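Below is one structure; the comments refer to it alone.
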Amino acid sequence: MASRICWHCSNQSHMTLQGRVSNVPYDGDGSSTWFAMYTCDECGFASLGRIEVNDIEQLMDAYANRPNARYVDSNRTFENLRAAVGWYANGPNADVDWYPVKGLGKEYEDVPTDIASAASEAYSCFFINANRAAVLLARTTIEAIAKDKGITKGYLSDKIDEMAKQGIVTDQLRDEAHEIRHLGNDMAHGDLNVEVNEEDAEDILGFLDSVIDYVYQQPMAIEKRKRLREARKRRSKS
Ligand SMILES: [Zn+2]
């Protein structure tokens with residue numbers, strides 16, 4: 001699936017291809033460059049995707065033999081190439097470079113200001129390719145969440161386990177928090193030979209958002225629901 005951390009809403013979003021792909025003119029041999037407009041499934045804002053096709057023959061074959069394909073005219077006309085690239089661009093294996101590259105940070109509702117600000121800054125780092133800084137800030141944010149919940153003793157590893165023990169996070173979120181800690185520790189302890197690529201940082205930010213959502217946003221959403229329900233009850237009685 002084509003997906004990215006959206007430059008506008010900062011969610012890890014599926015991107016839906018809009019319309020057809022277009023190409024940078026080329027002579028039909030070798031690699032080619034294509035562009036497509038996508039919209040974010042979360043916020044609807046557009047991103048431009050750049051797709052490099054190295055082996056057009058292989059792509060045409062894959063397109064012709066795709067599951068549920070009806071008759072495919074595999075002549076190398078421009079329209080057929082374009083259809084094949086469009087199919088790839090909207091498919092699960094699409095390797096897309098995204099524009100705009102940069103977002104700002106991320107807004108978090110119903111999250112304590114200092115925690116929201118650290119998490120948002122982790123996103124700001126990610127958007128300027130400062131992936132190690134993003135991971136490091138994600139680790140710091142996890143530690144701040146523990147502190148906010150009154151857990152201050154021991155190493156971060158103990159604090160994460162304690163959060164699970166007290167039911168502040170689920171076992172799965174505990175494991176996600178440990179993943180953030182593992183990679184974050186390498187950065188914090190000066191192990192700079194550990195490479196952190198964009199995908200690593202994306203994963204880590206996704207884990208961080210899951211923890212924040214569970215610890216702060218979901219309880220608040222339930223609270224708001226309850227209040228609405230009770231207000232409705234009161235109205236119907238009066
Ligand atoms: Zn978005």
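The values are calculated or read from the model by the stated rules, or taken from the named source; none is laboratory data. Values in this document were obtained by computation on a predicted structure and should not be read as measured data. Quick reminder, even Gly has a Cβ in these numbers, built from the backbone with ideal geometry, and neighbours come from all protein chains shown. These area figures cover heavy atoms from the full protein model, side chains too; ligands, DNA and RNA do not enter into them. Shrake-Rupley method; radii C 1.70, N 1.55, O 1.52, S 1.80 Å.
Number of residues in the stretch 158-172 that are of a type outside the set (D, E, K, R), in a helix (DSSP H, G or I) and surrounded by 20 or more Cβ atoms within 10 Å (Cβ to Cβ) equals 2.
Restricting to the stretch 1-28, count the residues that are part of a loop (DSSP other than H, G, I, E, B) and within 11 Å of the ligand (Cβ to nearest atom).
Number of matching residues: 6.
Scanning the stretch 39-54 for residues that are closer than 16 Å to Ser10 by Cβ and open to solvent by less than 60 Å² (accessible area, probe 1.4 Å) yields Thr39, Cys40, Cys43, Gly44, Ala46, Ser47. Might you check whether a residue that is at pLDDT 90 or above and either buried (at least 17 other Cβ atoms within 10 Å of the Cβ) or more than 19 Å from Glu109 (Cβ to Cβ) (or both) occurs anywhere in the stretch 218-227? Within the stretch 218-227 (the criterion being at pLDDT 90 or above and either buried (at least 17 other Cβ atoms within 10 Å of the Cβ) or more than 19 Å from Glu109 (Cβ to Cβ) (or both)), the answer is no, since none of the residues qualifies. Counting only residues that are open to solvent by 30 Å² or more (accessible area, probe 1.4 Å) and aliphatic (A, V, I, L, M), the stretch 1-16 holds 1 of them. When the stretch 109-129 is filtered for residues that are open to solvent by 30 Å² or more (accessible area, probe 1.4 Å) and either in contact with a strand residue (DSSP E or B) (Cβ under 6 Å, 6 or more places away or on another chain) or closer than 26 Å to Asn185 by Cα (or both), the ones remaining, listed by number, are Pro112, Thr113, Asp114, Ser117, Glu121, Ser124, Ile128, Asn129.
When the stretch 134-156 is filtered for residues that are in contact (Cβ under 8 Å) with a residue 40 or more places away in the chain and either open to solvent by 20 Å² or more (accessible area, probe 1.4 Å) or farther than 22 Å from Ser10 by Cα (or both), the ones remaining, listed by number, are Leu136, Arg139, Thr140, Lys149.
Kindly indicate whether Glu176 is in contact (Cβ under 8 Å) with a residue 24 or more places away in the chain and open to solvent by less than 30 Å² (accessible area, probe 1.4 Å). Yes: the conditions hold for Glu176. Put simply, of Lys102, Lys106 the only residue that is surrounded by fewer than 20 Cβ atoms within 10 Å (Cβ to Cβ) and either assigned to a loop (DSSP other than H, G, I, E, B) or modelled with pLDDT of 95 or more (or both) is Lys102.
When Ser74, Ser32 are checked against the criterion of being in contact with a strand residue (DSSP E or B) (Cβ under 9 Å, 6 or more places away or on another chain) and more than 16 Å from the ligand (Cβ to nearest atom), Ser32 stands alone in meeting it. Taking interchain pairs and intrachain pairs at least six residues apart, which have beta carbon atoms under 9 angstrom, with the first residue in the stretch 1-17 and in contact (Cβ under 8 Å) with a residue 12 or more places away in the chain and within 18 Å of Gly86 (Cβ to Cβ) and the second within 6 Å of the ligand (Cβ to nearest atom) and open to solvent by 30 Å² or more (accessible area, probe 1.4 Å)? That search, which allows pairs on different chains as well, returns His14/Glu42.
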